[in-house]
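Visitor: Just dropping this structure here.
The values are calculated or read from the model by the stated rules, or taken from the named source; none is laboratory data. Predicted, not measured: the structure shown is a model, and the values here were computed from it. No Cβ is skipped: glycine too gets one built from the backbone with ideal geometry, and neighbour counts run over all protein chains shown. What goes into the accessible areas is simple: the full protein's heavy atoms, side chains included, and nothing from ligands, DNA or RNA. Shrake-Rupley method; radii C 1.70, N 1.55, O 1.52, S 1.80 Å.
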Amino acid sequence: MKTSKLRLAYVVFLGVALLNNAYADPIDDFESGLPSGVDGNGTSIGFSTFSDGSPVSISITDDPPALVPDEDGDNNVLVVTANVSLFAGFIHAFENSAVDTWTPMDWTAFDAFSFYLYGQNTGTGLFIDILDNRNPGSVVDDAERFTYLLVDDFSGWRKITVWFAELDRKEIGNGAPNDDLGLTDVHGWAFGILETSGEVTYYIDNFELAVDSDGDGLTDADEDVLGTDPLDPDSDDDGLTDGDEVALGTDPLDADSDDDGLTDGDEVARGTSPSLPDSDSDGITDGDEVALGTDPLDADSDDDGIIDGSDPDVIADAVTDLPAGVFANRGDPAGQRNAILSRLADIEQDIMDGDIAGAIRALQNLRRHVDGCLPSADRNDWIVSCDAQIEIRDLIDLLIENLSS
């Protein structure tokens, strides 16, 4: 069965690769300049600018403010400069090699597009348009626009990925069809800038198409960089998709990103933080709180005024849950359990009275009754099961550590 699944995955992957082969390279990497011209109907094709009358220009440079990620110094990027009252930008209407025919592309094999944008952190509104199909027999630019809005709220290069499902139809009054995003005849793309407080300059590189083979919200190219499996939506099997993990800031290759004993998916379901081992900062990890029965979202689960990580009640509850057979039987089967519980009640009172040093000394004395098991319990131990001893001793050590700090 595993072999069949692997073969099927390979066939699917190979099929996608063949479909995408026509656009394996970036749609625009700007290494060949900015071709422009008109088609036989006099419609602008290639690269051209648009605006409400605001000044806007585009050019190519090999000297951007910083290198594009994963590119060396021998690399061209597009430069767009504008001082915008309402809107301005540029269009790339796809052209043939002779730059005399508007030549659409079929993007139906893809799920998204991406590009690198050099942000200036100006707060300026920006938009990306996809020019989809035109009316049959059209001789003008009546391509249907679909748009994605973003904000220049970052500095330096950032990879922007836009899923086709995120695009909204945009009406610009050009008599375009209104038949949804088809992607069978994509006529181009555009980058736009909204109102600015002065002149701004943006740099753009590597506009390319992307596939998400496993539907996890990450492109296959991004998964290749991350090391996740592009054919498995949940590479670490923690109950969260790889894309959700990247969005949350957890590790899609580690089922328990914060090493607290709970999987990332379990933490999201419980409402605890998959990135913080102790969500309520009470001194006990979320996983241990779940095992102990305390609330990992409430630092003082029993509302007694002592946070869980310093509360003897946490140990008392664990002692109460132990079976009778783990205690030393010295004529009174319940005697050793009751002795531990009595000591813990006194320790809790010390804490309530503010005598932290006294509580620590009492815990250290109590620890001497659960410190055997080398390899068997000694005569001073009140718990004779090594597993139970270790459980209670670890909790005592935890309280001592938390109270000491």
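Visitor: Select from the stretch 98-150 the residues that are farther than 26 Å from Gly215 by Cα, out of contact with any Asp or Glu (no Cβ under 8 Å at 6 or more places or on another chain) and aliphatic (A, V, I, L, M) and write down the one among them that is surrounded by the fewest Cβ atoms within 10 Å (Cβ to Cβ).
Guide: Among residues in the stretch 98-150 that are farther than 26 Å from Gly215 by Cα, out of contact with any Asp or Glu (no Cβ under 8 Å at 6 or more places or on another chain) and aliphatic (A, V, I, L, M), the one surrounded by the fewest Cβ atoms within 10 Å (Cβ to Cβ) is Ala98.
Visitor: In the stretch 164-185, how many residues are touching a Phe, Trp or Tyr at 6+ places or on another chain (Cβ under 7 Å), without any contact (Cβ under 8 Å) to a residue 24 or more places away in the chain and more than 22 Å from Ser213 (Cβ to Cβ)?
Guide: Going through the stretch 164-185 one residue at a time, the tally reaches 1.
Visitor: Among the residues of the stretch 67-95, what is the count of those that are over 17 Å from Thr201 (Cβ atoms) and assigned to a strand (DSSP E or B)?
Guide: Count: 4.
Visitor: Ok, one more. Note down all Cβ pairs under 8 Å where the first residue falls in the stretch 59-83 and is within 23 Å of Gly198 (Cβ to Cβ), the second is in a loop (DSSP other than H, G, I, E, B) and open to solvent by 30 Å² or more (accessible area, probe 1.4 Å), and they're at least six residues apart or on different chains.
Guide: If the second residue must be in a loop (DSSP other than H, G, I, E, B) and open to solvent by 30 Å² or more (accessible area, probe 1.4 Å), the pairs left are Ser59/Leu34; Thr61/Asn76; Val77/Asp62; Leu78/Leu34; Ala82/Pro55; Asn83/Pro55.
Visitor: Report every pair of residues separated by at least 6 positions or lying on different chains whose Cβ atoms are under 8 Å apart, first residue within the stretch 139-163 and closer than 20 Å to Gly217 by Cβ, second open to solvent by 70 Å² or more (accessible area, probe 1.4 Å).
Guide: From the stretch 139-163, the pairs are Phe146/Asp168; Phe146/Arg169; Tyr148/Glu166; Tyr148/Asp168.
Visitor: Follow-up. What do you reckon, is Val268 of a type outside the set (S, T, N, Q), over 30 Å from Gly354 (Cα atoms) and touching a Gly at 6+ places or on another chain (Cβ under 9 Å)?
Guide: yes
Visitor: Quick one: Val326 ticks every box in (1) within 30 Å of Asp381 (Cα to Cα); (2) open to solvent by 50 Å² or more (accessible area, probe 1.4 Å); (3) in contact (Cβ under 8 Å) with a residue 24 or more places away in the chain bar one, so which box is it?
Guide: In the conditions (1) within 30 Å of Asp381 (Cα to Cα); (2) open to solvent by 50 Å² or more (accessible area, probe 1.4 Å); (3) in contact (Cβ under 8 Å) with a residue 24 or more places away in the chain, Val326 misses (2) alone.
Visitor: Related question: Quick test of your reading of the structure: Phe47 fulfils all but one of (1) loosely packed, with under 12 Cβ neighbours inside 10 Å; (2) within 35 Å of the chain's Cα centre (by Cα). Name the failing condition by number.
Guide: (1)
Visitor: Still on this structure: Give the number of residues within the stretch 19-44 that are over 17 Å from Thr103 (Cβ atoms), open to solvent by 70 Å² or more (accessible area, probe 1.4 Å) and at pLDDT below 95.
Guide: 3
Visitor: While we're on this one: Kindly list, by first and then second residue, each pair from a residue in the stretch 233-258 that is open to solvent by 50 Å² or more (accessible area, probe 1.4 Å) to a residue that is assigned to a helix (DSSP H, G or I) and not charged (D, E, K, R), limited to pairs with Cβ atoms under 6 Å and residues at least 6 apart or on different chains.
Guide: Here the result reads Gly239/Gly265, each pair linking the stretch 233-258 to a residue that is assigned to a helix (DSSP H, G or I) and not charged (D, E, K, R).
Visitor: Could you please find all residues in the stretch 259-284 being of a type in the set (D, E, K, R) and open to solvent by 60 Å² or more (accessible area, probe 1.4 Å)?
Guide: Correct list: Asp259, Arg270.
Visitor: Suppose we keep only residues that are in contact with a His (Cβ under 8 Å, 6 or more places away or on another chain) and either modelled with pLDDT of 95 or more or of a type outside the set (A, V, I, L, M, F, W, C) (or both) within the stretch 375-398. Which one would you say is least open to solvent (accessible area, probe 1.4 Å)?
Guide: Restricting to residues being in contact with a His (Cβ under 8 Å, 6 or more places away or on another chain) and either modelled with pLDDT of 95 or more or of a type outside the set (A, V, I, L, M, F, W, C) (or both), the top hit is Asp381.
Visitor: Regarding Tyr148, is this residue in a strand (DSSP E or B), more than 18 Å from Ala82 (Cα to Cα) and among the hydroxyl-bearing types (Ser, Thr, Tyr)?
Guide: Yes: the conditions hold for Tyr148.
Visitor: Grab the helices (runs of 4 or more DSSP H) fully contained in the stretch 326-405, keeping just those with 2 or more residues being under 43 Å from the mean Cα position of the chain (by Cα) and over 17 Å from Ile307 (Cα atoms).
Guide: So the answer is 386-404.
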